[in-house]
Amino acid sequence: MIPVLTADKMQEADRYTQEELGLPQSVLMERAALSAYNVLTELSDLEDAGILIICGPGNNGGDGVALARILSERDIYPDVVILGDRAKRSEGLKTQTGLLEKIYPQVSVSDQIPDSYYDVIVDAIFGISLNRKIEGSFAEAVAFINKSRDQGSYVLSLDIASGIDSSSGRIQPDLTVRADRTVAFGTFKAGHLLFPGAMYSGEVTLKDIGIPASAMESGADIHIFHDSEISLPPRQAYTNKGSYGRILIVAGSKGMAGAAILCAEAAMRSGSGMVRVYTDESNRQIVQTALPEALVTTYDERMDEKGLADAIEWCDAIAVGPGLSRSDQAAEILRYILGHANVPLVLDADALNILSADVDMLARTGADMIITPHLGEMARLTGIEAGEISKHLIQTARDFAESYGVVTVLKDARTIIASPDGKVIINTNGNNGMATAGSGDVLTGMIVSVRGRTDDSFMSAALGCALHGRAGDEACAMLGADHMLAGDIIKHIR
């Protein structure tokens, strides 16, 4: 897995590399500048391009000045602007500026934003260290960069686009650089991946600058998957249908058969050996017609306790909630499952809405549990406004997981999967075509299917999300975002 660091964690890895391992800051700066140069060489006609490098007073600015010298070594002479109080410039920046001015005095170094057009602009203003409001000449520089981009300039940001909070992805409205590409040093920062920062980062290219992977991994409690890690659990030759999980789907109140069908079919397509749907009697024929491979157990006006008990005894994992309703009967079914099931649970949709009236029920059960709330459901569970949750996705998911002992899948444009021990995985695939009715039901079916075949709820939830997003990406590539249905995601599960 790939570590994802906050600003503090990245700075600690950088400090360890310099102070404990003895790799000088100047070497790291040279490596950063060289990696940025290598990215720029992918542009056509770089030798003839007008290039402006805008630097801040810190080490990110030092990276920018070092880049100017590397370009000059290739007879490509950029203009350089260094912002801020000279007295507050970092030692690394001072050293790089001195080298540039001595070796290449023909390079223009100024503290004023020019009033001219450049083909390429490099943003080396803040990097990951931004911790204050952007104002004054810095705000003018950001405005100039964005205006130039609107006029056709190509914008490359060093490490992270200026204005993005590298730990949260939050931005400063109208004061954030809109990059075409970001060259990220060492590893990804959370701000590259979380929205709205992800929209301002452009294409993010990861470059090794000499900080050891062990230094970054030791401080990482947030990760993303390598593409090669996203696959269904392998199947063995000598097996039968019971080897791949017996899954119980408790879903679909009267008139809501569709949610049950989507969830159950997703579980089947994700490799489950057997799937049973526990649903309202009115849905029996619809479910059996749509999914002849599924077993169906139903209830009428009263919960069929024996039928539910038998189904619980039969299964390896249970998903509860899609289309279940918030009726007294649905609440009775949920309470019975929480009180009697000794297999892993995945709670979604109406199961979470019912729980919001008594969230402490989660802690009292002590069950091996995954919950999959979207922002609105999380707001009901926590009492925190959805808008505030969206600003603190990682912290909200982590706090809830730790408080209630449940794996928490907080669904948004970037879904956060948090474990009770504080570990987090960010799901980075998926697309806005998946913002369609039933997509969450499909996700629940995929997660419970993976959980029925594996032993780790946290990794099952994360893998289910990654597989769901990848299937959605394949569906979008074929159909287009506007034309996708939840069922199209199921068709592309691989």
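The values are calculated or read from the model by the stated rules, or taken from the named source; none is laboratory data. Note that the coordinates shown come from a computational prediction; the quantities given were computed from them, not determined experimentally. Quick reminder, even Gly has a Cβ in these numbers, built from the backbone with ideal geometry, and neighbours come from all protein chains shown.
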Inset, instruction - Check whether at least one residue in the stretch 206-222 is crowded, with 24+ Cβ neighbours inside 10 Å, closer than 25 Å to Leu375 by Cβ and either in contact with a strand residue (DSSP E or B) (Cβ under 9 Å, 6 or more places away or on another chain) or assigned by TED's automatic domain parsing to the domain that holds Ile134 (or both), and report yes or no. - result: yes
Legend entry - Single residue of the stretch 153-211 satisfying the filter (β-branched (Val, Ile, Thr) and assigned to a strand (DSSP E or B)) that is nearest to Asn431 (Cα to Cα): Val204
Inset, instruction - Quickly run through the stretch 101-143 and pick out the residues that are under 13 Å from Ile53 (Cβ atoms) and assigned to a helix (DSSP H, G or I). - result: Ala141
Inset, instruction - Only residues in the stretch 47-72 that are without any contact (Cβ under 8 Å) to a residue 24 or more places away in the chain count as the first member; pair them with residues that are surrounded by fewer than 24 Cβ atoms within 10 Å (Cβ to Cβ) and among the aliphatic types (A, V, I, L, M), Cβ under 8 angstrom, at least 6 apart or cross-chain, and list the lot. - result: none
Inset, instruction - Return the only residue of Gly445, Gly383 being in the same structural domain as Ala309 (by TED's automatic domain parsing) and touching a residue at least 24 places away in the same chain (Cβ under 8 Å). - result: Gly445
Inset, instruction - For the stretch 183-203, indicate whether the set of residues that are over 24 Å from Tyr118 (Cα atoms), loosely packed, with under 15 Cβ neighbours inside 10 Å and in contact (Cβ under 8 Å) with a residue 12 or more places away in the chain is non-empty. - result: no
Legend entry - Qualifying residue in the stretch 296-313 (condition: part of a loop (DSSP other than H, G, I, E, B), hydroxyl-bearing (Ser, Thr, Tyr) and in the same structural domain as Arg380 (by TED's automatic domain parsing)): no
Legend entry - Test for Arg178: is it touching a helix residue (DSSP H, G or I) at 6+ places or on another chain (Cβ under 7 Å), free of Cβ contacts under 8 Å to residues at least 40 places away in the same chain, charged (D, E, K, R) and outside the structural domain of Asp456 (by TED's automatic domain parsing): yes
Inset, instruction - Give the residue, chosen from Ala161, Ala139, that is closer than 23 Å to Gln11 by Cα and either at pLDDT 95 or above or touching a strand residue (DSSP E or B) at 6+ places or on another chain (Cβ under 8 Å) (or both). - result: Ala161
Inset, instruction - Count, please, the residues in the stretch 8-42 that happen to be among the hydroxyl-bearing types (Ser, Thr, Tyr) and more than 22 Å from Leu156 (Cα to Cα). - result: 2
